[in-house]
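Before any comments, here is the structure.
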Amino acid sequence: MSSRNILITGGAGFIGSHVVRRFVDRYPDYHIINMDKLTYAGNLANLKDIEDRPNYTFVKADICDFETVCRLFSEYSIDGVIHLAAESHVDRSIVDPFSFARTNVMGTLSLLQAARQAWEPSGWKMAHGAGTEPVECRFYHISTDEVYGALELTCPEGKPSEISAHEVYGDDFFTEETKYQPHSPYSASKASSDHFVRAFHDTYGMPVIVTNCSNNYGPYQFPEKLIPLFINNIRHRKPLPVYGKGENVRDWLYVEDHANAIDLIFHKGQVARTYNIGGFNEWKNIDIVKLLVRTVDRLLGREDGEDMSLITYVADRKGHDMRYAIDSSRLKSELGWEPSLQFEEGLEKTVKWYLDNQDWLDSVTSGEYQKYYESMYSDRK
Ligand code: NAD
Ligand code: TYD
């Protein structure tokens, strides 16, 4: 019998697949149930290496399907949830906000309500067999720093940080106390789901944790997000559509460092507490794009910077947030977490992975996706 039965939602997507792999590998006595609808962003090829493990089960289902979610809780005696399933791309949310409200808000509510029905009667504890200690249930919701809105770019050239020796582009950071001020339909839907999760704690006493993480990068990210999209475009010598002036700043974290933080927080985090997760690693988009061109060109044996001319400035994203920068010192001081990789090292590893896995890139960018991509970018110039 498993010592824990954990439902991970969105496990065939980018971050979720890293979290599922980590839990299946590290905790052979847990049963990991990966529930995913397999939208355009979900892909079972992301978990090919662990699909036959005895402690792993995949269930294709929609988190909004309340009856199915309730059935899974009872069928697998779920005692923990790590909730990552979501619509996650800002540009898509601008075109189709309804899908974001449906999945991110109603889907989260459906999971919360199912967890409550399963756990509340037994005092938020779950026993797995006679004579065993009941396990404390836990609902862990994965959210984004984008709920906090946007910070100002007050130091356009960057300056040495007081927190560590990286470049920073402004005087303030998102902390766990920063007021929610989402701007995009994506971040508004995530903010709403965060509020529902906290409301289930405050109203019913559900043991919840929320984390808000900065931009992730690494293997298996769908190539509509900046880094994999641009690697793929450089590879095919297609234009690199930089929004606005490329001055916007994001704080980047290697995906396995996020998965490591999720593991630590799921096991050691304090109930009803929020943790920000970030790399103390701010970059302007245009600087990342130039670094990507250099790295891809070098690894493909092209002349240094040969493909810089692919950089194409296009119309800005509507409501484009200027700067995100996370202060993750609570996570460091309370749980001892720190990112393990320097950005240049992580980016090199990432570019190599995409170039070594061009079949994966080709398979996820064929068919329907091509039409979407062309329609998204045709009117941007
Ligand atoms: P992703 O788009 O790569 O994957 C999302 C997964 O959710 C896919 O496998 C998809 O099939 C699944 N899904 C979507 N709708 C579903 C539904 N209705 N029912 C069941 N499954 C469904 O996303 P990601 O980048 O891996 O992000 C995962 C989570 O982390 C999201 O909640 C996102 O908001 C959050 N997050 C992402 C980042 C980032 O930089 N990517 C940063 C911070 C937080
Ligand atoms: P993205 O990867 O979509 O993540 P997010 O919007 O969640 O931060 O975008 C990262 C940054 O790159 C963001 O400032 C928008 C910008 N960007 C471009 O300039 N061109 C593109 O084609 C994409 C997808 C993003």
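Every read-out reported here was derived from the displayed coordinates using simple, explicitly stated rules and does not represent laboratory data. Model, not experiment: these values are computed from the prediction. Cβ atoms come from the backbone with ideal geometry, glycine included; neighbour counts cover every protein chain shown.
Summary of computed values
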read-out	value
Distance (nanometres) between label positions extended 7 Å along Cα→Cβ at A315 and E152	2.9 nm
Fluctuation leader among Y169, Y40, Y243 - the chain, Gaussian network, Cα springs under 10 angstrom	Y40
Long pairs among K179/K245; K60/K245; K48/K238; K125/K225; K179/K352, criterion Cα-Cα beyond 32 Å	K60/K245; K125/K225; K179/K352
Segment E120-E306, extension gain: residue separation times 0.36 nm, minus the distance between their alpha carbons	60.9 nm
Candidates T203, T178, T154, ranked by Gaussian network fluctuation over the chain, Cα under 10 Å, top entry	T203
Sequence-distant residues sharing a close amide H with E87 (under 5 Å, placed H)	N104
Values of log10 I(q)/I(0), in the order q = 0.10 Å⁻¹, for the range 67-194 under a Debye, Cα-only, solvent-free model	-0.49
Built amide H within the under 5 Å cut-off of F174, gap 5+	A325, I326, D327
The range 151-264, relative contact order in percent, only Cα pairs under 8 angstrom and at least six apart counted	18 percent
Formal net charge of residues neighbouring A45 (Cβ-Cβ distance under 12 Å; K, R +1; D, E -1)	-3
Proximal charge balance of K125 [Cβ under 11 Å; K/R count +1, D/E count -1]	-3
Label-zone membership for the range 332-364, site K238, 7 angstrom Cα→C-beta point, backbone N under 15 Å	358-364
Label point distance in nm, R102-S366, each placed 7 Å from Cα along Cα→Cβ	2.7 nm
Model label zone, Y180; criterion: amide N under 19 Å from point 7 Å along Cα-to-beta-carbon; scope the range 248-283	271-277
The range 5-377: relative contact order as a whole-number percent, Cα under 8 Å and 6+ apart	17 percent
Full-extension gain in nm, D287 to E338, via 0.36 nm per residue minus C-alpha separation	16.0 nm
Residue-span extension gain [D202 to K48] - 0.36 nm each, minus C-alpha spacing	51.5 nm
Axial C-alpha extent at least 18 Å, average Kyte-Doolittle at least 0.5 - helices from the chain (DSSP)	285-299
Coarse-grained scattering of the range 5-377 at q = 0.09 Å⁻¹, given as base-10 log I(q)/I(0) from a Debye sum over alpha-carbon atoms	-0.50
Ordering of 329-340, 266-277 by burial proxy (mean other Cβ atoms within 10 Å per residue, highest first)	266-277, 329-340
